[in-house]
1. So which residues in segment 323-350 are surrounded by 15 or more Cβ atoms within 10 Å (Cβ to Cβ) and touching a strand residue (DSSP E or B) at 6+ places or on another chain (Cβ under 6 Å)?
2. Can you pull out every residue in segment 241-265 that is free of Cβ contacts under 8 Å to residues at least 60 places away in the same chain and part of a loop (DSSP other than H, G, I, E, B)?
3. Would you mind finding the one in 130, 175, 161 that is closer than 30 Å to residue 284 by Cβ and in contact with a strand residue (DSSP E or B) (Cβ under 8 Å, 6 or more places away or on another chain)?
4. Could you check segment 92-121 and list, in sequence order, the residues that are touching a helix residue (DSSP H, G or I) at 6+ places or on another chain (Cβ under 9 Å) and assigned to a loop (DSSP other than H, G, I, E, B)?
5. I want to confirm something. Restricting to segment 236-266 and keeping residues that are touching a helix residue (DSSP H, G or I) at 6+ places or on another chain (Cβ under 7 Å) and more than 21 Å from residue 341 (Cβ to Cβ), which single residue is nearest to the ligand (Cβ to nearest atom)?
6. Please identify the pairs in which a residue from segment 63-79 that is under 19 Å from residue 135 (Cα atoms) and in contact (Cβ under 8 Å) with a residue 12 or more places away in the chain has its Cβ atom under 7 Å from the Cβ atom of a residue that is within 10 Å of the ligand (Cβ to nearest atom) and in a helix (DSSP H, G or I), counting only partners at least 6 apart or on another chain.
7. Return the residues of segment 194-224 that are more than 11 Å from the ligand (Cβ to nearest atom) and assigned to a loop (DSSP other than H, G, I, E, B); say none if nothing qualifies.
Ligand SMILES: *Cc1c(COP(=O)(O)O)cnc(C)c1O
């Protein structure tokens with residue numbers, strides 16, 4: 001294990017790992033023994049610390065509670081069959097959390113604090129990362145930044161906390177997702193902060209999502225806020241469509257999160273010889289393709305599940321079920337990406353990062 005003078009480490013007295021049933025994990029409910037915390041005050045980031053996982057104490061007037069100045073990331077660590085630990089494109093998450101922070105008028109976090117803190121944390125809690133690609137065993141990593149300055153004046157905080165917590169997870173084998181295309185609500189607007197991984201984007205999604213859930217769907221397919229004619233994201237995932245044998249996804253914009261999985265799916269699909277088009281996707285073409293059978297597949301992409309196949313798409317009063325085609329793109333691309341993540345295949349793109 002690397003030692004570092006950057007991070008001050010206080011170890012937990014006793015591990016909680018014996019109390020955890022690793023075969024029956026509920027996504028995001030169990031956390032490891034340690035957390036990484038770094039405070040921003042007096043205009044700079046203070047000494048980063050690793051501490052036993054514990055509650056935070058914040059003043060009730062702390063700005064995060066009132067103005068939602070908060071951003072986060074989602075990434076995973078994987079253990080291969082030799083017990084080595086790997087991260088997948090962590091540089092992307094580091095850069096993205098700073099982009100999200102910048103959009104919410106929050107300070108940039110230093111690269112060495114992020115990587116040393118993360119790697120030390122993973123080393124300390126290594127036992128919590130189980131190998132086993134077949135079961136989807138991994139450690140979900142949640143870095144986040146909150147505005148901690150007390151005071152309800154509506155201005156950017158002068159104090160922040162950058163925290164990393166980790167949660168052991170398994171693959172969740174759910175049924176194919178049922179989605180409904182939004183024709184009224186939006187998750188993001190032009191000039192807004194939909195491209196930032198900001199807590200508030202999620203808060204705004206819960207209500208429209210509940211409305212479609214009451215109709216028997218799982219998620220909303222978000223459309224552009226101006227015309228609702230263009231398809232943009234599926235719930236909290238980027239979205240892909242296979243029309244005949246071409247894989248189509250929309251370009252990123254102010255309103256669309258630039259997903260690491262999305263980028264990886266595009267690159268991997270191309271490597272597998274699949275034609276990929278990154279262009280605007282209209283509601284009209286997708287509903288017509290669903291109706292005439294040329295829409296062969298659709299899926300969401302995101303860190304948690306890599307790829308979530310969509311089984312049903314609805315728009316207004318119409319509902320289409322998608323049959324799984326032979327030579328299913330979603331299954332092939334998902335397996336190829338998982339093989340890279342678990343160090344079970346050659347990493348031709350240089351995506352893997354070993355935690356030493
Ligand atoms: C996090 C997120 C995604 C997926 O991003 P990944 O980097 O692939 O995990 C897609 N859409 C939204 C809105 C997100 O918040």
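1. Those that are surrounded by 15 or more Cβ atoms within 10 Å (Cβ to Cβ) and touching a strand residue (DSSP E or B) at 6+ places or on another chain (Cβ under 6 Å): 329, 330, 334, 337, 341, 342, 343.
2. Hits for segment 241-265 are 244, 245, 250, 251, 252, 259.
3. Working: 130 fails: closer than 30 Å to residue 284 by Cβ; 161 fails: closer than 30 Å to residue 284 by Cβ.
175 is the lone residue from the list that is closer than 30 Å to residue 284 by Cβ and in contact with a strand residue (DSSP E or B) (Cβ under 8 Å, 6 or more places away or on another chain).
4. Selection gives 104, 106, 107, 108, 109.
5. The extreme case among them is 241.
6. Final answer for the pair search is 75/93.
7. Across segment 194-224, the qualifying residues are 215, 216, 217, 218, 224.
Residues are listed down the side, and each one gets a yes or a no for (1) at pLDDT below 95; (2) assigned by TED's automatic domain parsing to the domain that holds residue 98; (3) surrounded by fewer than 21 Cβ atoms within 10 Å (Cβ to Cβ); (4) assigned to a loop (DSSP other than H, G, I, E, B):
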site: 239; (1), (2), (3), (4): no, no, no, no
site: 267; (1), (2), (3), (4): no, no, yes, no
site: 276; (1), (2), (3), (4): no, no, yes, no
site: 280; (1), (2), (3), (4): no, no, yes, yes
site: 286; (1), (2), (3), (4): no, no, no, no
site: 300; (1), (2), (3), (4): no, no, no, no
site: 311; (1), (2), (3), (4): no, no, yes, no
site: 320; (1), (2), (3), (4): no, no, yes, no
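The values are calculated or read from the model by the stated rules, or taken from the named source; none is laboratory data. Please read all numbers here as calculations on a predicted model, not as lab measurements. Neighbour counts are summed over all protein chains in view; Cβ atoms, including those assigned to glycine, are modelled from backbone coordinates with ideal geometry.
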